[in-house]
Amino acid sequence: MSASGNNRILSSPVFLLLVFFLAMIIKGKAQEAVEGIHYATGQPVRLEFKGGRIESIKKIKKWSGPAKVYIAPGFFDNQVNGFAGVSFSFGNSDLRPEDILKATRELWKKGVTTYLPTLTTHSHEVLMKNFKVLGQNYSGDSLLGSIPGFHLEGPYINPEDGYRGAHPKAYVRLPDWEEFMKLYHASGKKILQVTLAPELEGAMEFIKKCKELGITVAIGHHNANRSQVDEAVGLGARIATHLGNGCANMINRHLNPLWPQLANEDLLISIICDGFHLNEEEIRVFYKVKGPERTIITSDVTSYAALEPGEYKTQTGETIELTREGMLRYPAQNVLYGSASPITKGVGHILKVTGCSLAEAVQMASTIPARLYGLTDRGRLEKGLRGDLVLFTLEDFKLTIQKTYVQGKKVFDLNHP
Ligand SMILES: [Zn+2]
């Protein structure tokens, strides 16, 4: 082709239009850079993404925004029973794929970029059905990898009042490996954690088998003594689920399940840090004993979280109340009916009651849970890791999420909700 032919093509309207559209596409795909105050170093930084991953983190001269906006790895909640009207656990097994997306999007608004949908004690049929729905839908493109797997809390827990908590007694049962294998396969082998009571017949054998499959075992809703706690941990149990809850009100001051779990140095703990489930001195003591390397902030949130305050009817007909402060009450018995606060609130609350640093609070809500499940691709601000970030302001120990990014994609912006 002659040179004049080339010039004609380059100046033709069709070619120019093509260049214009290509430029628009490239511009549309360009990842945005994010600036904020690094949650751990306190320095202003600029962070860039490439292919959904963190490409670079560079110090910048000064923060110019009107308010201090912190930048941190997205939060990781290992116990989400439901959210914003969606329940993973209860209901007549009517969980739908669109419900999973709805709960995930609502959690993003709270800065939670990774979570484990949690199924609690129920009939074999309901557990099978819901694990199947989750197993077939957790990896959809629109979820951006926010669900790495699931948590089964129960049904292999202590049936006694108090230890059982709100789990329905009719469905509490002894550890049953055959049943569990059916659930595990229904979930697409994505049950990452099981919470059980180690004192039950067959529990130690169950723990051993979980360890062989790489499933994290948590002990919870139990009344195990010291030797049972130590044996369970020796066999591979890693963490105590919501320490201080799922425990009877009246316990022996010397012999109770709290002391051995605090005393065992290899056992991590998760705590519900919503300001209602534990009092301040409990959190302070648990934190002093376990420290920021062995403590995880969890939420135990239910489907009532992120709804308007008011009265609701449960599926079984009870009237429950969600207060303005975010407490979920069952007025007939004057007890709590699960949690309604995402771990975002826990990050602020633990700062307030323990005096820990922001770096430690974020670590307990992101880095440590990611490490517990071996998810090395998240939980820290580092080059090469997933672009899962949260930007927030902090006032009076309350976090306000400004923006959330998952795999480098902005999924929430407070100013453009
Ligand atoms: Zn529980």
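Hey, can you tell me all the residues within region 53-74 that are among the polar types (S, T, N, Q) and in a strand (DSSP E or B)?
Once the filter is applied, which keeps residues that are among the polar types (S, T, N, Q) and in a strand (DSSP E or B), region 53-74 yields only Ser56.
Give just the number: which of (1) among the β-branched types (Val, Ile, Thr); (2) assigned to a loop (DSSP other than H, G, I, E, B); (3) touching a His at 6+ places or on another chain (Cβ under 8 Å) does Ile147 not satisfy?
(3)
For region 321-377, name all the residues that are more than 27 Å from Gly85 (Cα to Cα) and of a type in the set (Phe, Trp, Tyr).
Correct list: Tyr373 only.
Could you please tell me which pairs satisfy a Cβ distance under 8 Å, a separation of 6+ or placement on different chains, a first residue in region 325-340 that is free of Cβ contacts under 8 Å to residues at least 24 places away in the same chain, and a second residue that is in a loop (DSSP other than H, G, I, E, B) and among the polar types (S, T, N, Q)?
Arg329/Thr323
May I ask you to verify whether Phe49 is closer than 18 Å to Lys345 by Cβ, hydrophobic (A, V, I, L, M, F, W, C) and either surrounded by 14 or more Cβ atoms within 10 Å (Cβ to Cβ) or in contact (Cβ under 8 Å) with a residue 40 or more places away in the chain (or both)?
Taking the combined requirement at face value, the residue does not satisfy it.
Please work out which residue is nearest to Leu268 (Cα to Cα), limiting yourself to region 75-86 and to residues that are in contact with a helix residue (DSSP H, G or I) (Cβ under 8 Å, 6 or more places away or on another chain) and in a strand (DSSP E or B).
Among residues in region 75-86 that are in contact with a helix residue (DSSP H, G or I) (Cβ under 8 Å, 6 or more places away or on another chain) and in a strand (DSSP E or B), the one nearest to Leu268 (Cα to Cα) is Asn78.
Could you grab me the full set of residues in region 323-343 that are of a type in the set (A, V, I, L, M, F, W, C) and buried (at least 18 other Cβ atoms within 10 Å of the Cβ)?
Met327, Leu328, Leu336, Ala340, Ile343
Consider region 88-127. How many of its residues are outside any helix (DSSP H, G or I), within 16 Å of the ligand (Cβ to nearest atom) and over 13 Å from the mean Cα position of the chain (by Cα)?
7
Within region 298-325, can you find the residues that are out of contact with any Leu (no Cβ under 8 Å at 6 or more places or on another chain), within 21 Å of Val112 (Cα to Cα), away from the ligand (no atom under 16 Å from the Cβ) and not acidic (Asp, Glu)?
Ala306
What pairs come up if the first residue lies in region 261-272 and is part of a loop (DSSP other than H, G, I, E, B) and modelled with pLDDT of 95 or more, the second is among the polar types (S, T, N, Q) and crowded, with 22+ Cβ neighbours inside 10 Å, and their beta carbons are under 7 Å apart, counting only those six or more places apart or on different chains?
Note: pairs meeting the criteria are Leu267/Gln261.
In the set Ser366, Ser303, Ser341, which member is touching a strand residue (DSSP E or B) at 6+ places or on another chain (Cβ under 8 Å) and in a helix (DSSP H, G or I)?
Ser366
Are there any pairs with C-beta distances below 7 angstrom linking a residue in region 98-113 that is at positive phi to a residue that is part of a helix (DSSP H, G or I) and crowded, with 24+ Cβ neighbours inside 10 Å, with the two at least 6 apart or on different chains, and if so which?
Note: pairs meeting the criteria are Gly111/Thr344.
Please specify each residue of region 128-141 satisfying the condition of being assigned to a helix (DSSP H, G or I) and free of Cβ contacts under 8 Å to residues at least 12 places away in the same chain. Before the answer, list the steps.
Let us first name the residues in region 128-141 that are assigned to a helix (DSSP H, G or I), namely 128-137, 141.
Once the filter is applied, which keeps residues that are assigned to a helix (DSSP H, G or I) and free of Cβ contacts under 8 Å to residues at least 12 places away in the same chain, region 128-141 yields only Asp141.
Output the number of residues of region 165-189 satisfying the condition of being part of a loop (DSSP other than H, G, I, E, B), at negative phi, crowded, with 20+ Cβ neighbours inside 10 Å and in contact (Cβ under 8 Å) with a residue 40 or more places away in the chain.
Our first condition is that a residue be part of a loop (DSSP other than H, G, I, E, B); within region 165-189, this holds for 165-168, 172-176, 187-189.
With the extra rule that they be at negative phi, the set shrinks to 166-168, 172-176, 187.
With crowded, with 20+ Cβ neighbours inside 10 Å added as a condition, the list becomes 167, 172, 175, 187.
Among the residues that remain, those that are also in contact (Cβ under 8 Å) with a residue 40 or more places away in the chain are: 167, 172, 187.
Looking only at that region, the number is 3.
Pairs only if they're at least six apart or on different chains, beta carbon under 7 angstrom, first in region 217-241 and part of a helix (DSSP H, G or I), second polar (S, T, N, Q) and away from the ligand (no atom under 16 Å from the Cβ); list them, first residue then second.
Filtered contacts from region 217-241: Val229/Asn264; Asp230/Asn264; Val233/Asn264.
Return the total of residues in region 231-272 being of a type in the set (Val, Ile, Thr), within 16 Å of the ligand (Cβ to nearest atom) and in contact with a Leu (Cβ under 8 Å, 6 or more places away or on another chain). Before the answer, list the steps.
First pass over region 231-272, keeping only residues of a type in the set (Val, Ile, Thr): 233, 239, 241, 251, 269, 271-272.
Next cut, within 16 Å of the ligand (Cβ to nearest atom) only: 239, 241, 269, 271-272.
Next cut, in contact with a Leu (Cβ under 8 Å, 6 or more places away or on another chain) only: 239, 269, 271-272.
Going through region 231-272 one residue at a time, the tally reaches 4.
Take the residues in region 365-417 that are surrounded by fewer than 24 Cβ atoms within 10 Å (Cβ to Cβ) and among the basic types (Lys, Arg), then tell me which one is nearest to Ser299 (Cα to Cα).
It comes out as Lys398.
Just one of (1) more than 20 Å from Ile401 (Cα to Cα); (2) in contact (Cβ under 8 Å) with a residue 40 or more places away in the chain; (3) among the small types (Gly, Ala, Ser) trips up Gly379, so point out which.
Only one criterion is unmet by Gly379, namely (1).
The values are calculated or read from the model by the stated rules, or taken from the named source; none is laboratory data. For clarity, every value in this text was computed on a predicted model and none was experimentally measured. Cβ sites come from the backbone with ideal geometry, for glycine too, and all protein chains shown count toward neighbours.
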